[in-house]
Amino acid sequence: MKSKAKAVWTGGLKDGKGVLDASTGAFTQLPYDFAKRFENAAGPGTTPEELIAAAHAGCFSMALSAELGKAGFAPTRITTTATVTLEPVDGKPTVSASHLETSVVAPGIDAAKFAELAAGAKAGCVISRLLNTNISLDAKLEA
């Protein structure tokens, strides 16, 4: 399995602009630029870190669903938000953390088993394994 996306950047770092395209067509001509990425500017567009956050949230949700299913629990809903932190480390912009917050409806599971499976999903998620950063998790079981 290989996934592909394309970035086209025109201009200098601070005055340039870029667009991103997914080979699947999930997004096309999605804008990104320096101000949005490093100055938190408002307006349309994204950042590479926002895309990483989306990938991490989606991957973790699927991994947790798999872990719950293997343990005999059928989740009815998993909602995950990932917050990726970009900050200077040794003078270079660095993704220093990804924090996962998840809320799960999974009938019949107790809190201890849920916490165990959530921790396993965090460690085993493909994107967690890709990231070389601090990954934290707040997992909440809903009634």
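The values are calculated or read from the model by the stated rules, or taken from the named source; none is laboratory data. Computed from a predicted model, the values in this text were never measured in an experiment. Using ideal geometry, Cβ is built from the backbone for each residue, glycine included, and neighbour counts are taken over all protein chains shown.
Residue-wise test of (1) assigned to a loop (DSSP other than H, G, I, E, B); (2) more than 13 Å from the chain's Cα centre (by Cα); (3) not assigned by TED's automatic domain parsing to the domain that holds ALA112.
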site	(1), (2), (3)
GLY12	yes, yes, yes
VAL19	no, yes, yes
ALA26	yes, yes, yes
MET62	no, no, no
SER65	no, yes, no
PHE73	yes, yes, no
ALA82	no, no, no
THR94	no, yes, no
LEU100	no, no, no
Can you find, within the stretch 44-68, the residue that is surrounded by the fewest Cβ atoms within 10 Å (Cβ to Cβ) among those that are among the polar types (S, T, N, Q) and over 15 Å from ALA7 (Cβ atoms)?
SER65
So which of ALA55, ALA112 is part of a helix (DSSP H, G or I), among the aliphatic types (A, V, I, L, M) and more than 15 Å from the chain's Cα centre (by Cα)?
ALA112
Conditions (1) modelled with pLDDT of 95 or more; (2) in a strand (DSSP E or B): number failed by GLU50:
(2)
